[in-house]
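Everything on this sheet refers to the single structure shown next.
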Amino acid sequence: MPKIAVLGAGSIGAYIGAALTHAGGEVVMIGRARMAQQVAEHGLHLTDLHGGAVSLAPQQVHYSQDPATLADADLILVTVKSADTAQAANTIAEHAGAGTLVVSFQNGIGNADTLRAVLPHHLVLGGMVPFNVVQMPGGRLHRGTEGELVLQASPAVEGWQPLFASAGVPLQQRDDFTAVQWGKLLLNLNNSVNALSGLPLKTQLSQRAFRRCLADLVEEALAVLAAAGITPAKIARIGPQRLPMLLRLPDFLFTRIAAAMLRIDPEARSSMWEDLQTGRRTEVDYLNGAVVALAGAMGRDAPLSRRMVQMVRAAEEGRQSALDGAALHAALHAAGR
Ligand SMILES: NC(=O)c1ccc[n+]([C@@H]2O[C@H](COP(=O)([O-])OP(=O)(O)OC[C@H]3O[C@@H](n4cnc5c(N)ncnc54)[C@H](OP(=O)(O)O)[C@@H]3O)[C@@H](O)[C@H]2O)c1
């Protein structure tokens with residue numbers, strides 16, 4: 001049976017890996033001691049917003065901390081955070097067979113290119129995970145939102161589609177994958193707003209002052225994308241072009257018109273907030289930083305995202321505390337930054 005390896009099996013990787021295992025796939029999840037311990041004690045338990053539930057006992061999960069288990073994989077799913085991609089690429093180069101299909105299921109721009117640069121003899125495809133997964137006690141992984149996995153179109157994907165579909169994580173192939181990635185990135189611009197708010201996502205998005213910050217960041221990114229000739233794909237129910245206007249609505253209108261955007265677990269937070277709490281490097285360079293880089297490549301500036309990168313970096317170093325919406329808006333627009 002073809003074998004799948006998930007490299008960096010944390011929230012997303014362990015969720016997809018467990019779903020594929022449950023559907024009968026031969027899967028090895030490769031990750032760190034903390035997750036290995038969780039799996040050994042509790043197994044893995046997937047729940048979702050529709051009440052779906054899948055349980056795997058510890059002995060049903062193949063979780064390894066040894067990258068040598070990549071050796072006989074036919075498909076490698078890379079699910080490390082962006083800052084760890086270069087190291088993951090070296091691990092694949094060292095242990096995987098030549099020609100293994102590699103898929104980056106990561107947020108941000110540039111991860112697939114980082115993998116390609118180190119893995120010239122592998123087919124590397126970009127992928128996009130539209131849904132959110134949070135780790136909870138007892139080996140539980142909760143999927144809080146919906147959507148299908150999207151992959152850069154390739155004939156190499158065809159054979160894998162039945163397994164992913166029967167696992168409840170169907171693969172959608174898209175020719176316009178760059179547009180898909182940027183469409184997702186626009187939504188991920190809220191990660192830094194949420195991280196600096198210090199609030200649960202639902203509380204933060206319910207406050208117009210924070211939504212204005214996000215609207216300004218999205219609008220700036222849309223202008224940069226337009227200048228670069230990139231039309232971002234519609235990932236959520238609301239298309240990218242309408243997003244800033246909608247976000248700026250007063251609270252009483254936003255909560256009615258954009259009720260779907262607020263259908264979030266009350267305690268859910270962005271992973272960037274979690275990264276700050278646990279002292280890990282965030283993905284801000286691959287999100288807001290990607291907007292700044294694209295603008296820079298055209299001799300332009302993206303001052304709001306540039307300022308956001310600075311503030312999140314300061315927060316990573318413990319020099320920036322949480323801000324309310326008005327203070328964050330003022331800081332983003334501060335003159336001379
Ligand atoms: N979580 C979500 O809801 C979500 C949704 C859509 C997209 N994404 C994207 O998916 C990617 C993964 O996010 P995530 O939330 O699943 O991250 P995560 O929970 O931190 O999982 C990644 C795991 O990989 C481990 N790791 C790092 N380098 C490794 C290596 N070389 N070998 C083995 N394990 C390694 C990390 O361990 P250490 O941290 O201990 O090094 C961590 O446990 C990110 O790009 C994220 O933006 C996430």
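The values are calculated or read from the model by the stated rules, or taken from the named source; none is laboratory data. In this text the structure is predicted, and so the values were computed from the model without any measurement. Cβ: placed from backbone, ideal geometry, glycine included. Neighbour counts: every protein chain shown.
Residues in segment 298-320 that are without any contact (Cβ under 8 Å) to a residue 12 or more places away in the chain and over 14 Å from ASP275 (Cα atoms): GLY299, ASP301, ARG319.
Which residues, taken from segment 251-278, are in contact (Cβ under 8 Å) with a residue 12 or more places away in the chain and under 20 Å from LEU323 (Cα atoms)? ASP251, PRO266, GLU267, ALA268, ARG269, SER270, SER271, MET272, TRP273, ASP275, LEU276, listed by residue number. When residues in segment 99-112 are screened for being more than 12 Å from the ligand (Cβ to nearest atom) and within 22 Å of VAL292 (Cα to Cα), 0 of them pass. Here LEU56 fits the description: touching a Gly at 6+ places or on another chain (Cβ under 6 Å) and more than 11 Å from the ligand (Cβ to nearest atom). Return yes when GLN181 is of a type outside the set (Val, Ile, Thr), over 15 Å from ALA268 (Cβ atoms), crowded, with 19+ Cβ neighbours inside 10 Å and touching a Lys or Arg at 6+ places or on another chain (Cβ under 8 Å) and no when it is not. No. Restricting attention to segment 258-286, the residues being more than 15 Å from the ligand (Cβ to nearest atom) and either modelled with pLDDT of 90 or more or basic (Lys, Arg) (or both) number 1.
(1) surrounded by 15 or more Cβ atoms within 10 Å (Cβ to Cβ); (2) within 13 Å of the ligand (Cβ to nearest atom); (3) not β-branched (Val, Ile, Thr): which one isn't true of ALA302, the others all being true? All conditions pass for ALA302, except number (2). Give the residues of segment 43-70 that are among the small types (Gly, Ala, Ser) and surrounded by 15 or more Cβ atoms within 10 Å (Cβ to Cβ), sorted by residue number. Across segment 43-70, the qualifying residues are GLY43, SER55, SER64.
When you check ASP216 against the structure, is it of a type in the set (Asp, Glu), more than 22 Å from LYS81 (Cα to Cα) and at pLDDT 95 or above, yes or no? It is true that ASP216 is of a type in the set (Asp, Glu), more than 22 Å from LYS81 (Cα to Cα) and at pLDDT 95 or above.
Report yes if some residue within segment 113-125 is within 16 Å of the ligand (Cβ to nearest atom) and in contact (Cβ under 8 Å) with a residue 60 or more places away in the chain; otherwise report no. Scanning segment 113-125 turns up no residue that is within 16 Å of the ligand (Cβ to nearest atom) and in contact (Cβ under 8 Å) with a residue 60 or more places away in the chain. Can you find even one residue in segment 282-298 that is more than 25 Å from SER206 (Cα to Cα), surrounded by 13 or more Cβ atoms within 10 Å (Cβ to Cβ) and more than 20 Å from the chain's Cα centre (by Cα)? Yes, the conditions are met somewhere in segment 282-298.
If you go through segment 15-35 and keep only what is near the ligand (Cβ under 10 Å from one of its atoms) and either of a type in the set (Lys, Arg) or touching a strand residue (DSSP E or B) at 6+ places or on another chain (Cβ under 6 Å) (or both), you end up with TYR15, MET29, ILE30, ARG32, ARG34. Only one of the numbered conditions (1) surrounded by 15 or more Cβ atoms within 10 Å (Cβ to Cβ); (2) at pLDDT below 95; (3) farther than 28 Å from ARG143 by Cα is violated by MET311, and that is (2). Scan segment 184-207 for residues that are buried (at least 20 other Cβ atoms within 10 Å of the Cβ) and touching a helix residue (DSSP H, G or I) at 6+ places or on another chain (Cβ under 7 Å) and the total you get is 14. Screening THR231, THR203 for residues that are of a type in the set (Val, Ile, Thr), under 21 Å from the mean Cα position of the chain (by Cα) and under 23 Å from GLN135 (Cα atoms) leaves exactly one candidate, THR203. The listed residues are ALA89, ALA96, ALA73, and the only one of them that is buried (at least 16 other Cβ atoms within 10 Å of the Cβ), within 21 Å of ASP113 (Cβ to Cβ), at pLDDT 95 or above and more than 11 Å from the ligand (Cβ to nearest atom) turns out to be ALA96.
Is at least one residue of segment 76-83 without any contact (Cβ under 8 Å) to a residue 60 or more places away in the chain and surrounded by 17 or more Cβ atoms within 10 Å (Cβ to Cβ)? Checked against the condition, which is being without any contact (Cβ under 8 Å) to a residue 60 or more places away in the chain and surrounded by 17 or more Cβ atoms within 10 Å (Cβ to Cβ), segment 76-83 yields no hits at all.
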